[in-house]
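Enquirer: Please see the structure below; I have some questions.
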Amino acid sequence: MKALMRAALAGVAALTAQAAFAADLKIALIHGKTGALEAYAKQTETGLRMGLEFATKGTMEIGGRKIVLVTKDDQGKPDLAKSLLAEAYQDDGADLAIGTTSSGAALAMLPVAEEYKKVLIVEPAVADQITGEKWNRYIFRTGRNSSQDAISNAVAIGSAGTSIATLAQDYAFGRDGVAAFREALARTGATLVAEEYAPQNTTDFTAPAQRLFDALKDKPGKKIIWVIWAGGNPLTKLQDLNPGRYGIQLSTGGNILPAMAAYKPLPGMEGATYYYYQIPKNPVNDWLVAEHQKRFNAPPDFFTAGGFAAAMAAVTAVQKAGGSDSEKLIAAMEGMEFDTPKGKMIFRKEDHQALQSMYHFKVKVDPNVAWAIPELVREIGIGDMAVPIRNKR
């Protein structure tokens, strides 16, 4: 009898343990923690963890379900990203996923979310195709897209009589970015006179720079080379080639703080950025800046804010849906507003792209600060950007 009782109790305990395990809310983070975009990935994870903490008021639970974060390093490789997302959904039982860092890897992940019928929140990959022609209904993106980057930068530097040439990386991020910039720039009265694409691992920019100089040097009026580059921005190398002798200025968007050290020789340079910790004024950003400074003795960076935004979206969605059922999540997330360090974001119903503010800046140099400061010129609000809907479904 005692043996039977012990067996029964053991069975109950096992079932209870299984139920508790099943009750966990599993979120997978796929990111390129090895490779050229390692710094971006690490910031995303830090921001995600802090965002989950903030959104759950420190409990790391939603509706009594413990949040379990499963992290996987795709090394920026599309095939690996694809297999790791499938592994997360199938083997790890992830309820939803967040990622990834590289646009090429993110594009490879999209059909996996559709195959497993589970939500993927894309952060921070930027290529327009993600919420454009390659999109499916399981894809939501908290990160800004190439069009938002491009439109905000076009608004910041484009004007009648200005001639602009572009330098970009030769992959989805760079080509989508320039395509969107070209389209947005046409509405400003500026003229795009040349485009140059270089491999991601380029270190010598002499040849593409000279072609850009040749395209611009005889143009009247203002002349600008706009650079869109993930990783180490080649601004310093371009500046070393002395574009100023032709009256050519340089411009680029915001970046992580270490990369913005390269902006210091360019006081007064204008562009547009996704985030800089001193710009947004709201309680979420106040908490992030204060806590990040306290914990890491440094301010939060570009992609820290992005990871935080993804966490806020995930928690808000699960709370609104009353659980993690994919269909209920999709219904809850379409048109959903949620708080982030940048203020309100809204998932557009048509393509699930998060509409959000961007920031027109002018570089200010402070000798006591290691990086150039992107001082706010004006906030470019959601209503100031006609972000195209590029999906075909």
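The values are calculated or read from the model by the stated rules, or taken from the named source; none is laboratory data. As the structure is a prediction and not an experimental result, all values here were calculated from the model. A quick note on method: Cβ atoms are made from the backbone with ideal geometry, for glycine too, and the neighbour counts reach across all protein chains shown.
Enquirer: Within the bounds of the range 263-272, is there any residue that is outside the structural domain of T71 (by TED's automatic domain parsing), at pLDDT below 95 and within 26 Å of G32 (Cα to Cα)?
Expert: Within the range 263-272 (the criterion being outside the structural domain of T71 (by TED's automatic domain parsing), at pLDDT below 95 and within 26 Å of G32 (Cα to Cα)), the answer is yes, since at least one residue qualifies.
Enquirer: So how many residues does the range 318-337 have that are crowded, with 16+ Cβ neighbours inside 10 Å, without any contact (Cβ under 8 Å) to a residue 40 or more places away in the chain and under 21 Å from G64 (Cα atoms)?
Expert: Residues flagged as crowded, with 16+ Cβ neighbours inside 10 Å, without any contact (Cβ under 8 Å) to a residue 40 or more places away in the chain and under 21 Å from G64 (Cα atoms) within the range 318-337 amount to 2.
Enquirer: Can we say K72 is at pLDDT 95 or above, crowded, with 19+ Cβ neighbours inside 10 Å and touching an Asp or Glu at 6+ places or on another chain (Cβ under 8 Å)?
Expert: yes
Enquirer: For the range 41-50, check the following and say yes or no: at least one residue is of a type in the set (K, R), more than 25 Å from N285 (Cα to Cα) and at pLDDT 95 or above.
Expert: Checked against the condition, which is being of a type in the set (K, R), more than 25 Å from N285 (Cα to Cα) and at pLDDT 95 or above, the range 41-50 yields no hits at all.
Enquirer: Right, another one. Can L376 be described as surrounded by 14 or more Cβ atoms within 10 Å (Cβ to Cβ) and outside the structural domain of L25 (by TED's automatic domain parsing)?
Expert: yes
Yes or no, residue by residue, for (1) in a loop (DSSP other than H, G, I, E, B); (2) in contact with a helix residue (DSSP H, G or I) (Cβ under 6 Å, 6 or more places away or on another chain); (3) not assigned by TED's automatic domain parsing to the domain that holds L48:
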site: D286; (1), (2), (3): no, no, no
site: V289; (1), (2), (3): no, no, no
site: Q293; (1), (2), (3): no, no, no
site: P300; (1), (2), (3): yes, yes, no
site: T304; (1), (2), (3): no, yes, no
site: A309; (1), (2), (3): no, no, no
site: M312; (1), (2), (3): no, yes, no
site: T316; (1), (2), (3): no, no, no
site: Q319; (1), (2), (3): no, no, no
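Enquirer: With the checklist (1) farther than 24 Å from Q200 by Cβ; (2) touching a Gly at 6+ places or on another chain (Cβ under 9 Å); (3) surrounded by fewer than 17 Cβ atoms within 10 Å (Cβ to Cβ) in hand, flag the one item D92 doesn't pass.
Expert: The one condition D92 does not meet is (2).
Enquirer: Mind checking which residues of the range 228-256 are of a type in the set (A, V, I, L, M, F, W, C) and buried (at least 21 other Cβ atoms within 10 Å of the Cβ)?
Expert: Hits for the range 228-256 are I228, W229, A230, L235, L238, I248, L250.
Enquirer: Something else about it: It is to be established whether one or more residues within the range 1-21 are farther than 21 Å from P299 by Cα, at pLDDT 90 or above and surrounded by 11 or more Cβ atoms within 10 Å (Cβ to Cβ).
Expert: no
Enquirer: Here's a follow-up. Which condition does D286 not pass, out of (1) closer than 19 Å to V369 by Cβ; (2) surrounded by 12 or more Cβ atoms within 10 Å (Cβ to Cβ); (3) not aromatic (F, W, Y), if it passes all the others?
Expert: (1)
Enquirer: Taking the range 257-271, which residues are in contact with a helix residue (DSSP H, G or I) (Cβ under 6 Å, 6 or more places away or on another chain) and either surrounded by fewer than 23 Cβ atoms within 10 Å (Cβ to Cβ) or among the acidic types (D, E) (or both)?
Expert: Residues satisfying the conditions are A262, P265, E270.
Enquirer: Another one. Filter the range 329-383 for residues that are of a type in the set (K, R), part of a strand (DSSP E or B) and within 20 Å of the chain's Cα centre (by Cα) and give the result.
Expert: Residue satisfying the conditions is K344 alone.
Enquirer: Okay, moving on. Residue by residue through the range 310-345, note down the ones that are within 21 Å of P124 (Cβ to Cβ) and hydroxyl-bearing (S, T, Y).
Expert: Hits for the range 310-345 are T316, T340.
Enquirer: Also: Kindly provide the set of residues from the range 190-201 that are closer than 26 Å to T162 by Cβ and modelled with pLDDT under 95, ordered by number.
Expert: none
Enquirer: Now, a different point. Take the conditions touching a strand residue (DSSP E or B) at 6+ places or on another chain (Cβ under 9 Å), surrounded by fewer than 24 Cβ atoms within 10 Å (Cβ to Cβ) and modelled with pLDDT of 95 or more and apply them to E115. Does it pass?
Expert: It is false that E115 is touching a strand residue (DSSP E or B) at 6+ places or on another chain (Cβ under 9 Å), surrounded by fewer than 24 Cβ atoms within 10 Å (Cβ to Cβ) and modelled with pLDDT of 95 or more.
Enquirer: If you don't mind, another one. Which helices (runs of 4 or more DSSP H) sit wholly inside the range 130-243 and have at least 1 residues that are more than 25 Å from the chain's Cα centre (by Cα) and free of Cβ contacts under 8 Å to residues at least 24 places away in the same chain?
Expert: Qualifying helices (runs of 4 or more DSSP H): 206-216, 235-240.
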